[in-house]
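Working notes for the structure below.
The values are calculated or read from the model by the stated rules, or taken from the named source; none is laboratory data. As the structure is a computational prediction, the values presented were derived from the model and not from experiment. As a convention, Cβ positions derive from the backbone with ideal geometry for all residues, glycine included, and neighbour counts pool all protein chains shown.
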């Protein structure tokens with residue numbers, strides 16, 4: 001593995017900005033503990049300015065988990081008051097966010113570029129006076145004037161900032177243009193660059209990876225990609241891509257990905273799509289006879305990711321399209337002995353059900369059919385599929 005990329009999890013801040021999602025303080029602390037256990041070294045855990053209860057939770061989180069290997073970072077607006085609240089929580093690191101596009105500077109704050117730069121200096125000066133690690137968030141960087149963005153970043157560096165966050169706040173960037181932006185930013189700063197992407201066009205993961213390929217040293221993500229609007233770059237996808245495709249180390253235990261995903265799903269009540277990359281129920285589930293036969297011979301025939309590497313396993317669904325030969329192999333996994341004729345009859349019975357079965361379900365199905373005497377020699381019927389005779393669809397010995 002080459003190069004280490006810092007994973008900054010913002011599930012407990014940006015993730016909670018997703019519509020309909022709520023986590024109790026106890027649940028947030030539990031997620032933070034799992035993130036630390038998984039090897040995450042920094043989390044953006046909340047917004048102190050949000051209120052007294054938020055600050056009490058953050059204080060507890062800092063006291064419980066923060067150490068030299070695990071940083072609890074807080075999110076702040078470009079306001080001294082916000083930074084003071086963070087200091088009260090005991091954190092040693094802050095992200096201070098400033099809009100850098102004219103759209104937001106004028107339309108949201110009713111200010112100008114000069115005001116933003118002066119406020120940037122003031123906030124960094126205050127934070128560094130209190131010995132804080134300072135990450136400067138460039139909000140809406142992908143819609144900013146590039147000359148002003150570089151001026152802003154240069155100022156942040158000269159004033160003592162420790163890291164720059166480039167945010168595609170509205171999820172409007174394309175991987176090629178985002179890569180060019182990060183390459184440009186890297187020319188003008190020696191500071192570590194973090195990328196923060198949103199999924200409005202389904203490109204959050206692609207943009208995050210493009211940013212890293214362009215030289216970014218850190219990426220902020222959320223578990224299951226939960227977040228504002230269409231969400232953020234998913235923790236599990238980004239980490240898996242970095243390790244397994246780009247061969248970059250993140251320090252994250254890949255076998256914890258499913259556990260993190262499932263925990264957040266249960267806590268938020270937001271189910272995981274069955275076909276969701278890396279953590280979905282069906283990602284390593286196979287039904288086609290050709291595919292199952294190939295995987296039984298060698299797993300890599302039809303899956304690039306070794307499921308064991310990420311704490312998963314291949315699962316097989318058996319049905320009409322499994323084929324006779326594949327069905328014979330899968331029946332052996334049930335521990336039940338069937339003759340060739342019985343396997344052919346079983347294939348016919350599976351066809352009649354129109355359903356798919358796991359190995360355990362197949363075993364139960366076989367035993368049930370045996371008890372009902374369905375495997376006794378009898379003239380085969382004409383079970384139909386789309387109103388055509390069964391034998392037109394299945395010439396037994398010719399199926400794989």
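What are the residues in region 205-220 that are under 13 Å from residue 168 (Cβ atoms), in contact with a strand residue (DSSP E or B) (Cβ under 6 Å, 6 or more places away or on another chain) and surrounded by fewer than 24 Cβ atoms within 10 Å (Cβ to Cβ), if any?
none
When you scan region 325-337, do you find a residue that is touching a strand residue (DSSP E or B) at 6+ places or on another chain (Cβ under 6 Å), surrounded by 13 or more Cβ atoms within 10 Å (Cβ to Cβ) and at pLDDT 85 or above, even just one?
Checked against the condition, which is being touching a strand residue (DSSP E or B) at 6+ places or on another chain (Cβ under 6 Å), surrounded by 13 or more Cβ atoms within 10 Å (Cβ to Cβ) and at pLDDT 85 or above, region 325-337 yields at least one hit.
Only one of 68, 81, 63 is in contact (Cβ under 8 Å) with a residue 24 or more places away in the chain and either under 16 Å from residue 132 (Cα atoms) or crowded, with 19+ Cβ neighbours inside 10 Å (or both); which?
81
Can you tell me which residues in region 221-259 are part of a helix (DSSP H, G or I), in contact with a strand residue (DSSP E or B) (Cβ under 9 Å, 6 or more places away or on another chain) and under 19 Å from residue 27 (Cβ atoms)?
223, 224, 225, 235, 236
Looking at (1) under 29 Å from residue 263 (Cβ atoms); (2) out of contact with any helix residue (DSSP H, G or I) (no Cβ under 9 Å at 6 or more places or on another chain), find the lone condition where residue 147 falls short.
Residue 147 satisfies all of (1) under 29 Å from residue 263 (Cβ atoms); (2) out of contact with any helix residue (DSSP H, G or I) (no Cβ under 9 Å at 6 or more places or on another chain) except (1).
Pick out, from region 3-98, the helices (runs of 4 or more DSSP H) lying fully within it that include 2 or more residues that are assigned by TED's automatic domain parsing to the domain that holds residue 215, within 22 Å of the chain's Cα centre (by Cα) and closer than 16 Å to residue 222 by Cβ.
Ranges flagged: 25-38.
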